[in-house]
1. Quick check on the range A:53-83: of everything there that is out of contact with any helix residue (DSSP H, G or I) (no Cβ under 8 Å at 6 or more places or on another chain) and among the small types (Gly, Ala, Ser), which residue is farthest from residue A:9 (Cα to Cα)?
2. Going by the conditions given, is residue A:58 surrounded by 19 or more Cβ atoms within 10 Å (Cβ to Cβ) and either without any contact (Cβ under 8 Å) to a residue 24 or more places away in the chain or within 13 Å of another protein chain (Cβ to nearest Cβ) (or both)?
3. Output the strands (runs of 3 or more DSSP E) that fall wholly within the range A:1-59 and possess 2 or more residues being within 23 Å of residue B:44 (Cβ to Cβ) and not aliphatic (A, V, I, L, M), or say none.
4. Answer yes if at least one residue in the range B:1-24 is modelled with pLDDT under 95, in contact with a Phe, Trp or Tyr (Cβ under 9 Å, 6 or more places away or on another chain) and outside any loop (DSSP other than H, G, I, E, B), and no otherwise.
5. Suppose the filter is open to solvent by 20 Å² or more (accessible area, probe 1.4 Å), more than 14 Å from the chain's Cα centre (by Cα), of a type in the set (S, T, N, Q) and closer than 22 Å to residue B:34 by Cα; does residue A:2 pass it?
6. Hey, among B:66, B:27, B:58, which residue is among the small types (Gly, Ala, Ser), over 14 Å from residue B:90 (Cα atoms) and away from chain A (no Cβ under 13 Å)?
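The values are calculated or read from the model by the stated rules, or taken from the named source; none is laboratory data. Because the structure is a prediction, the values reported are computed rather than measured. No Cβ is skipped: glycine too gets one built from the backbone with ideal geometry, and neighbour counts run over all protein chains shown. The accessibility values were calculated without ligands, DNA or RNA, using every heavy atom of the protein model including side chains. Shrake-Rupley method; radii C 1.70, N 1.55, O 1.52, S 1.80 Å.
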Amino acid sequence: AQSVTQLDSQVPVFEEAPVELRCNYSSSVSVYLFWYVQYPNQGLQLLLKYLSGSTLVKGINGFEAEFNKSQTSFHLRKPSVHISDTAEYFCAVSERYNQGGKLIFGQGTELSVKP
Amino acid sequence: DAGVIQSPRHEVTEMGQEVTLRCKPISGHDYLFWYRQTMMRGLELLIYFNNNVPIDDSGMPEDRFSAKMPNASFSTLKIQPSEPRDSAVYFCASSLLRREGNTIYFGEGSWLTVV
């Protein structure tokens, strides 16, 4: 079984500042890792994903995440945030070889960007 | 290529009424998932199908909930009778096994309010 822990439920930050949203996972099998974003009153949009290869993955809207196998982490970063990045961000894992990509989600981190 | 299509987008119903949520997955995808999102419990998997067959329904809260997938292009989630605690956003999602790391694509969600 897998589990995901997002270490911060809320992250307030000023516009143009850097931000890091932290995610740790636990799994007894090999996994894929994902970050999804949910804007207010909207659905879930894939931000980026780690499947294999380079541990630094780049996604949409200037976000990137780094997979750290030894620390079982997949933290999301952006060097300079905009007001429009205000949203809820979800880290998720799925088993690599089974279950068709069934996702286990963390509890979410609410990013609030202030002017 | 059309994404996952859900209907209705919003529904307000009275306690005790039957609610039916509908989903059309991405054409060619062989996995379909139903998720529920609430403030208290976050994103939780209710049930998922592979090739129209239910694989795991352990997340279905109780017998009032049922899901069907009569063919590869249509699924329903039914609540009968509905209760106020069923108020949530219900997401349908689909994936293709071993394609893009089993990436799951979500619909826009059905916002359900039971009064």
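1. A:53
2. When the stated conditions are applied, residue A:58 does not pass them.
3. In the range A:1-59, the matching strands (runs of 3 or more DSSP E) lie at A:2-6, A:23-27, A:31-38, A:44-50.
4. no
5. Criteria met by residue A:2.
6. The match here is B:27.
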